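Each reported figure results from applying straightforward, stated rules to the coordinates on display, with no laboratory input. Just so it is clear, the model here is predicted, and its values are computed rather than measured. Cβ placement follows ideal geometry from the backbone for every residue including glycine, while neighbour counts extend to all protein chains displayed.
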């Protein structure tokens with residue numbers, strides 16, 4: 001099937017009116033266009049090679065930047081772990097110091113309470129010994145009845 005262009009070529013003017021021209025070979029438009037465009041495209045070969053070089057350098061630069069970023073991420077991670085350990089140790093030492101202070105206060109309070117109990121026992125000891133001795137002496141004389149002074153022992157010792 002013929003293309004529309006080929007069909008319309010029939011109606012083109014053949015040339016300027018006038019004397020007949022020499023017979024020649026029909027014009028090859030495809031070859032003419034190729035010859036016209038080839039030098040321009042040949043100039044683009046250098047541009048294409050330069051583009052390839054730029055792309056290659058850009059890929060290398062991107063890889064270098066990515067490697068540097070990975071190294072930076074690793075460094076930041078190590079620094080964060082170090083800071084975390086330091087903060088944890090600092091918090092633990094603060095809590096430990098507080099617990100030690102509370103333990104010392106509790107021990108001091110216990111020492112004070114023990115001293116108070118000793119003083120009270122020292123103060124009451126003669127009376128309690130006298131009461132016990134009296135009860136033993138009174139109990140030695142009578143085995144059946146209640147021991148004399150028993151109500152004195154029933155009270156609080158402290």
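So the values come out like this:
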| read-out | value |
| --- | --- |
| Residue 80/residue 47 FRET efficiency (R0 35 Å; Cβ-Cβ; nearest 0.05) | 0.15 |
| Modelled FRET efficiency - R0 30 Å, residue 100 with residue 122, Cβ distances, 0.05 increments | 0.40 |
| Förster-model FRET efficiency, 30 Å R0, residue 64 and residue 91, C-beta, rounded to 0.05 | 0.15 |
